[in-house]
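Following: one structure in C-alpha coordinates, then a few remarks.
The values are calculated or read from the model by the stated rules, or taken from the named source; none is laboratory data. Quick caveat, the model's predicted, so the values are computed rather than measured. Quick reminder, even Gly has a Cβ in these numbers, built from the backbone with ideal geometry, and neighbours come from all protein chains shown. Just so you know, the surface numbers come from the protein's heavy atoms only, side chains and all, with ligands and any DNA or RNA stripped out. Shrake-Rupley method; radii C 1.70, N 1.55, O 1.52, S 1.80 Å.
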Amino acid sequence: MAVDRRVLVVVAVVLAVLTPVVVAFLADDDGPTSGPPFDPRSTDGDGTRAFVRVLEEVGIDVEVRPADVDPGDATVVIFEDLLLDAERRQLRQWVRDGGDLVVLDPRSGLGRRTRPIRDATAVLDPDAACELSALARVDDVDLSTARIVDPGPDDLGCLTVDGEFLVVERQLGAGTITTAGVRRQLTNAQIDDRDHAAIAVGLVRSGERVVVLDAAAPGGGDRSLVDLLPTGGVLAIVQLLVVAAVEKFRRSRRRGRVL
(Lines give C-alpha, C1' and ligand atoms only; values in the text may rest on other atoms or scores of the structure.)
Protein backbone atom coordinates (compact mmCIF):
# COMPACT_ATOMS: atom_id res chain seq x y z
CA MET A 1 0.00 0.00 0.00
CA ALA A 2 1.44 3.38 -1.05
CA VAL A 3 1.55 6.20 1.45
CA ASP A 4 0.74 9.77 0.34
CA ARG A 5 3.98 11.75 -0.13
CA ARG A 6 2.50 14.67 1.80
CA VAL A 7 2.16 12.47 4.85
CA LEU A 8 5.81 11.42 4.53
CA VAL A 9 6.87 15.07 4.30
CA VAL A 10 4.92 15.95 7.44
CA VAL A 11 6.41 13.03 9.34
CA ALA A 12 9.93 13.92 8.16
CA VAL A 13 9.54 17.50 9.33
CA VAL A 14 8.26 16.38 12.71
CA LEU A 15 11.15 13.94 13.15
CA ALA A 16 13.65 16.61 12.16
CA VAL A 17 12.32 18.86 14.92
CA LEU A 18 12.02 16.15 17.54
CA THR A 19 15.37 14.42 17.00
CA PRO A 20 17.55 17.07 18.73
CA VAL A 21 15.02 17.24 21.56
CA VAL A 22 15.30 13.49 22.13
CA VAL A 23 19.09 13.74 22.00
CA ALA A 24 18.98 16.48 24.63
CA PHE A 25 16.89 14.24 26.89
CA LEU A 26 19.32 11.34 26.51
CA ALA A 27 22.51 13.39 26.93
CA ASP A 28 24.65 12.57 29.96
CA ASP A 29 25.46 15.82 31.79
CA ASP A 30 28.44 14.15 33.49
CA GLY A 31 30.05 12.96 30.27
CA PRO A 32 32.37 14.79 27.84
CA THR A 33 30.90 18.06 26.62
CA SER A 34 31.74 20.38 23.76
CA GLY A 35 31.25 24.10 23.53
CA PRO A 36 32.71 27.36 22.27
CA PRO A 37 36.32 28.27 23.16
CA PHE A 38 36.90 29.01 26.86
CA ASP A 39 33.53 27.55 27.84
CA PRO A 40 33.79 26.51 31.54
CA ARG A 41 31.58 23.48 30.83
CA SER A 42 33.49 22.25 27.77
CA THR A 43 35.99 19.40 27.94
CA ASP A 44 37.42 20.27 24.51
CA GLY A 45 41.06 21.30 24.37
CA ASP A 46 40.11 24.98 24.17
CA GLY A 47 37.47 24.69 26.90
CA THR A 48 38.07 25.55 30.56
CA ARG A 49 36.32 22.75 32.44
CA ALA A 50 39.75 21.70 33.80
CA PHE A 51 40.18 25.19 35.32
CA VAL A 52 37.02 24.59 37.33
CA ARG A 53 38.21 21.13 38.35
CA VAL A 54 41.64 22.42 39.47
CA LEU A 55 39.97 24.91 41.82
CA GLU A 56 37.62 22.24 43.14
CA GLU A 57 40.54 19.88 43.79
CA VAL A 58 42.09 22.38 46.21
CA GLY A 59 38.83 22.78 48.10
CA ILE A 60 37.36 25.85 46.39
CA ASP A 61 33.60 25.91 45.85
CA VAL A 62 33.11 26.81 42.17
CA GLU A 63 29.85 27.72 40.47
CA VAL A 64 29.40 28.22 36.73
CA ARG A 65 26.54 30.56 36.00
CA PRO A 66 25.40 33.33 33.62
CA ALA A 67 26.29 36.97 33.99
CA ASP A 68 24.27 37.87 37.06
CA VAL A 69 26.31 38.22 40.27
CA ASP A 70 25.16 38.29 43.87
CA PRO A 71 26.38 40.53 46.70
CA GLY A 72 27.57 37.39 48.50
CA ASP A 73 29.90 36.36 45.66
CA ALA A 74 33.54 36.94 46.61
CA THR A 75 35.45 36.22 43.37
CA VAL A 76 34.23 36.17 39.77
CA VAL A 77 36.24 34.91 36.78
CA ILE A 78 35.42 35.79 33.19
CA PHE A 79 37.16 34.00 30.30
CA GLU A 80 35.02 35.32 27.44
CA ASP A 81 33.36 38.73 27.75
CA LEU A 82 30.09 38.48 25.84
CA LEU A 83 28.28 40.57 28.41
CA LEU A 84 25.72 43.22 27.65
CA ASP A 85 26.55 46.80 28.59
CA ALA A 86 24.07 46.67 31.47
CA GLU A 87 25.70 43.49 32.75
CA ARG A 88 29.14 45.12 32.66
CA ARG A 89 27.82 48.08 34.64
CA GLN A 90 26.36 45.70 37.19
CA LEU A 91 29.68 43.86 37.42
CA ARG A 92 31.67 47.06 37.95
CA GLN A 93 29.28 48.11 40.70
CA TRP A 94 29.68 44.68 42.29
CA VAL A 95 33.46 45.25 42.30
CA ARG A 96 33.06 48.71 43.83
CA ASP A 97 31.02 47.09 46.59
CA GLY A 98 33.91 44.79 47.46
CA GLY A 99 34.03 41.99 44.88
CA ASP A 100 37.19 40.66 43.21
CA LEU A 101 37.00 40.21 39.45
CA VAL A 102 39.50 38.25 37.32
CA VAL A 103 39.44 39.19 33.62
CA LEU A 104 41.12 36.82 31.16
CA ASP A 105 39.57 38.04 27.90
CA PRO A 106 42.09 40.44 26.26
CA ARG A 107 39.27 42.18 24.37
CA SER A 108 37.21 42.95 27.46
CA GLY A 109 36.77 46.55 28.48
CA LEU A 110 36.58 45.45 32.10
CA GLY A 111 40.32 44.86 32.41
CA ARG A 112 43.51 46.70 31.54
CA ARG A 113 44.77 46.82 27.97
CA THR A 114 46.92 43.87 26.89
CA ARG A 115 49.29 43.24 23.99
CA PRO A 116 51.25 40.27 22.61
CA ILE A 117 54.83 39.55 23.62
CA ARG A 118 56.85 40.56 20.57
CA ASP A 119 60.18 39.07 21.59
CA ALA A 120 60.21 35.36 20.72
CA THR A 121 63.17 34.84 23.07
CA ALA A 122 61.48 36.47 26.09
CA VAL A 123 61.50 34.50 29.34
CA LEU A 124 59.78 34.87 32.68
CA ASP A 125 61.98 36.48 35.32
CA PRO A 126 61.61 34.27 38.43
CA ASP A 127 63.68 36.68 40.55
CA ALA A 128 61.59 39.79 39.84
CA ALA A 129 59.54 41.21 42.69
CA CYS A 130 55.90 40.08 42.74
CA GLU A 131 53.36 42.34 44.41
CA LEU A 132 50.67 39.63 44.35
CA SER A 133 51.63 37.11 47.01
CA ALA A 134 49.33 34.36 45.72
CA LEU A 135 51.39 34.22 42.50
CA ALA A 136 54.83 34.77 44.01
CA ARG A 137 55.93 31.13 43.59
CA VAL A 138 55.04 30.85 39.90
CA ASP A 139 58.24 30.74 37.84
CA ASP A 140 57.46 28.69 34.72
CA VAL A 141 54.88 29.86 32.16
CA ASP A 142 54.41 29.13 28.47
CA LEU A 143 54.89 32.58 26.92
CA SER A 144 54.04 31.62 23.33
CA THR A 145 50.47 32.93 23.66
CA ALA A 146 50.88 35.10 26.76
CA ARG A 147 50.11 38.83 26.71
CA ILE A 148 51.65 41.78 28.50
CA VAL A 149 49.23 43.81 30.63
CA ASP A 150 49.70 47.59 30.73
CA PRO A 151 49.34 48.73 34.37
CA GLY A 152 47.95 51.95 35.74
CA PRO A 153 50.07 54.13 38.05
CA ASP A 154 48.80 52.53 41.26
CA ASP A 155 48.37 48.96 40.05
CA LEU A 156 50.12 45.91 41.45
CA GLY A 157 51.88 43.48 39.12
CA CYS A 158 53.37 40.01 38.98
CA LEU A 159 54.85 37.48 36.51
CA THR A 160 57.49 39.73 34.97
CA VAL A 161 58.77 39.53 31.39
CA ASP A 162 61.40 42.09 30.39
CA GLY A 163 60.29 44.40 33.19
CA GLU A 164 56.59 44.16 32.26
CA PHE A 165 53.76 42.13 33.79
CA LEU A 166 51.53 39.27 32.70
CA VAL A 167 49.17 39.90 35.62
CA VAL A 168 48.04 43.30 36.94
CA GLU A 169 45.64 44.11 39.75
CA ARG A 170 43.90 47.46 40.15
CA GLN A 171 41.73 48.76 42.94
CA LEU A 172 38.18 49.82 42.10
CA GLY A 173 36.21 51.08 45.07
CA ALA A 174 36.31 48.42 47.78
CA GLY A 175 37.17 45.64 45.31
CA THR A 176 39.76 44.71 42.70
CA ILE A 177 39.96 43.86 39.01
CA THR A 178 42.81 41.54 38.04
CA THR A 179 43.76 41.41 34.36
CA ALA A 180 45.74 38.31 33.37
CA GLY A 181 47.35 37.74 29.98
CA VAL A 182 47.40 33.97 30.37
CA ARG A 183 43.99 32.86 29.09
CA ARG A 184 45.14 30.04 26.82
CA GLN A 185 47.45 28.73 29.52
CA LEU A 186 44.35 27.96 31.59
CA THR A 187 42.51 25.93 28.95
CA ASN A 188 42.04 22.17 29.22
CA ALA A 189 44.92 21.53 26.82
CA GLN A 190 47.50 23.57 28.76
CA ILE A 191 46.52 23.92 32.40
CA ASP A 192 48.50 20.83 33.43
CA ASP A 193 51.69 22.20 31.86
CA ARG A 194 54.40 24.03 33.80
CA ASP A 195 52.99 26.23 36.61
CA HIS A 196 49.68 26.97 34.91
CA ALA A 197 47.55 25.22 37.54
CA ALA A 198 49.28 27.29 40.22
CA ILE A 199 48.34 30.42 38.28
CA ALA A 200 44.71 29.31 38.25
CA VAL A 201 44.64 28.98 42.03
CA GLY A 202 46.70 32.13 42.58
CA LEU A 203 44.42 34.31 40.48
CA VAL A 204 41.47 33.55 42.74
CA ARG A 205 43.66 33.81 45.87
CA SER A 206 42.53 30.38 47.05
CA GLY A 207 39.15 31.87 47.92
CA GLU A 208 36.50 29.61 49.37
CA ARG A 209 33.93 30.45 46.71
CA VAL A 210 34.47 31.36 43.05
CA VAL A 211 31.96 32.09 40.30
CA VAL A 212 33.04 31.44 36.70
CA LEU A 213 30.78 33.38 34.37
CA ASP A 214 29.16 31.57 31.49
CA ALA A 215 28.63 34.82 29.63
CA ALA A 216 25.50 33.97 27.65
CA ALA A 217 27.42 32.32 24.81
CA PRO A 218 25.18 31.13 21.94
CA GLY A 219 23.91 27.70 22.87
CA GLY A 220 25.28 28.02 26.39
CA GLY A 221 23.51 28.05 29.72
CA ASP A 222 21.64 25.49 31.76
CA ARG A 223 18.58 25.26 29.56
CA SER A 224 18.11 22.28 27.27
CA LEU A 225 16.71 22.34 23.73
CA VAL A 226 13.33 21.46 25.22
CA ASP A 227 13.40 24.64 27.30
CA LEU A 228 14.13 26.68 24.19
CA LEU A 229 10.94 25.50 22.45
CA PRO A 230 7.97 27.82 23.07
CA THR A 231 4.80 26.25 24.43
CA GLY A 232 3.01 26.98 21.14
CA GLY A 233 5.77 25.23 19.23
CA VAL A 234 5.43 22.07 21.30
CA LEU A 235 1.66 22.06 20.76
CA ALA A 236 2.15 22.55 17.04
CA ILE A 237 4.46 19.52 16.91
CA VAL A 238 1.88 17.41 18.73
CA GLN A 239 -0.84 18.58 16.35
CA LEU A 240 1.29 17.71 13.32
CA LEU A 241 1.84 14.23 14.68
CA VAL A 242 -1.87 13.72 15.25
CA VAL A 243 -2.79 15.02 11.78
CA ALA A 244 -0.17 12.80 10.14
CA ALA A 245 -1.41 9.73 12.00
CA VAL A 246 -5.08 10.37 11.21
CA GLU A 247 -4.34 11.11 7.55
CA LYS A 248 -2.37 7.92 7.19
CA PHE A 249 -5.14 5.92 8.86
CA ARG A 250 -7.81 7.49 6.64
CA ARG A 251 -5.98 6.72 3.45
CA SER A 252 -5.16 3.17 4.50
CA ARG A 253 -8.87 2.46 5.20
CA ARG A 254 -10.13 4.63 2.29
CA ARG A 255 -12.43 6.58 4.63
CA GLY A 256 -13.84 10.04 4.13
CA ARG A 257 -11.97 13.33 4.33
CA VAL A 258 -10.74 14.42 7.75
CA LEU A 259 -12.74 17.43 9.00
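Read through the list (1) aliphatic (A, V, I, L, M); (2) loosely packed, with under 12 Cβ neighbours inside 10 Å; (3) closer than 13 Å to Asp214 by Cα, then give the number of the only condition that Val69 fails.
Condition (2) is where Val69 drops out.
Determine which single condition Leu101 fails, assuming it passes every other condition in (1) of a type outside the set (Ser, Thr, Tyr); (2) over 18 Å from Pro40 (Cβ atoms); (3) within 20 Å of the chain's Cα centre (by Cα); (4) not in a loop (DSSP other than H, G, I, E, B).
Condition not satisfied by Leu101: (2).
Thr179 - would you say it is under 30 Å from Pro71 (Cβ atoms) and not in a loop (DSSP other than H, G, I, E, B)?
yes
Give Val76, Val102, Val64 a once-over and let me know the one that is in contact with an Asp or Glu (Cβ under 7 Å, 6 or more places away or on another chain), within 15 Å of Val204 (Cα to Cα), open to solvent by less than 50 Å² (accessible area, probe 1.4 Å) and not basic (Lys, Arg).
Val64 is the lone residue from the list that is in contact with an Asp or Glu (Cβ under 7 Å, 6 or more places away or on another chain), within 15 Å of Val204 (Cα to Cα), open to solvent by less than 50 Å² (accessible area, probe 1.4 Å) and not basic (Lys, Arg).
Which one is surrounded by the most Cβ atoms within 10 Å (Cβ to Cβ) among residues in segment 189-219 that are at pLDDT below 75 and over 17 Å from Gly59 (Cβ atoms)?
Looking at the filtered set, the residue picked out is Ala215.
Would you point out the residue of segment 110-122, among those that are part of a loop (DSSP other than H, G, I, E, B) and touching a strand residue (DSSP E or B) at 6+ places or on another chain (Cβ under 7 Å), that is most open to solvent (accessible area, probe 1.4 Å)?
Among residues in segment 110-122 that are part of a loop (DSSP other than H, G, I, E, B) and touching a strand residue (DSSP E or B) at 6+ places or on another chain (Cβ under 7 Å), the one most open to solvent (accessible area, probe 1.4 Å) is Arg112.
Among (1) β-branched (Val, Ile, Thr); (2) over 22 Å from Ser42 (Cβ atoms); (3) not in a loop (DSSP other than H, G, I, E, B), which single condition is Val138 missing?
It is condition (3) that Val138 fails.
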